[in-house]
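Trainee: Take a look at the following structure, please.
The values are calculated or read from the model by the stated rules, or taken from the named source; none is laboratory data. As the structure is a computational prediction, the values presented were derived from the model and not from experiment. So basically every Cβ, Gly included, is an ideal-geometry build from the backbone, and we count neighbours across all protein chains shown.
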Amino acid sequence: MPCANSKSFAIVRGPSADSVKKRRALARSQILRVTAAYSPIPPGFYTSISQHLSRAFEAGAFLKDGPQKDDAPTTPLNPMTDPAAMDGMMAGMKTQMVMMVPQMIIMGWINFFFQGFVLSAFIIIPASFV
């Protein structure tokens with residue numbers, strides 16, 4: 001019998017291949033820049049790779065929406081309009097709710113079994129020992 005809330009636990013798709021390609025290109029450029037002083041790559045190869053990456057970044061080859069135009073407004077996009085962002089936010093909320101249930105159960109057990117412990121501990125210990 002299917003659960004009534006089966007839509008709330010829908011499978012979230014992974015990033016697209018194009019998105020992964022762009023992220024890997026950014027990671028390669030960061031690694032190349034950070035390890036430049038210790039790189040075993042000959043200087044000629046290093047220069048050609050860094051020039052190729054910088055030209056590609058300037059041309060917007062690795063940007064989602066291409067290079068930003070000068071006359072375009074710089075307002076951030078609304079995450080509520082992007083379905084991928086909504087899925088990410090909902091996934092975070094679902095995991096938080098799922099983790100709250102066991103915590104509430106454990107708090108209930110502690111409240112039931114140890115409800116008079118703190119009060120009795122302060123009454124038993126005389127004030128001279130504190």
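Trainee: Search the range 87-99 for residues that are closer than 20 Å to residue 13 by Cβ and pair each with any residue that is surrounded by fewer than 10 Cβ atoms within 10 Å (Cβ to Cβ) when their beta-carbon atoms are under 9 Å apart and the residues are at least 6 apart or on different chains.
Mentor: Note: pairs meeting the criteria are 87/13; 89/80.
Trainee: Next question, about the same structure. Would you mind stating whether residue 121 is out of contact with any Leu (no Cβ under 8 Å at 6 or more places or on another chain) and either modelled with pLDDT of 65 or more or in the same structural domain as residue 19 (by TED's automatic domain parsing) (or both)?
Mentor: Considered against the rule, which asks whether it is out of contact with any Leu (no Cβ under 8 Å at 6 or more places or on another chain) and either modelled with pLDDT of 65 or more or in the same structural domain as residue 19 (by TED's automatic domain parsing) (or both), residue 121 comes out as no.
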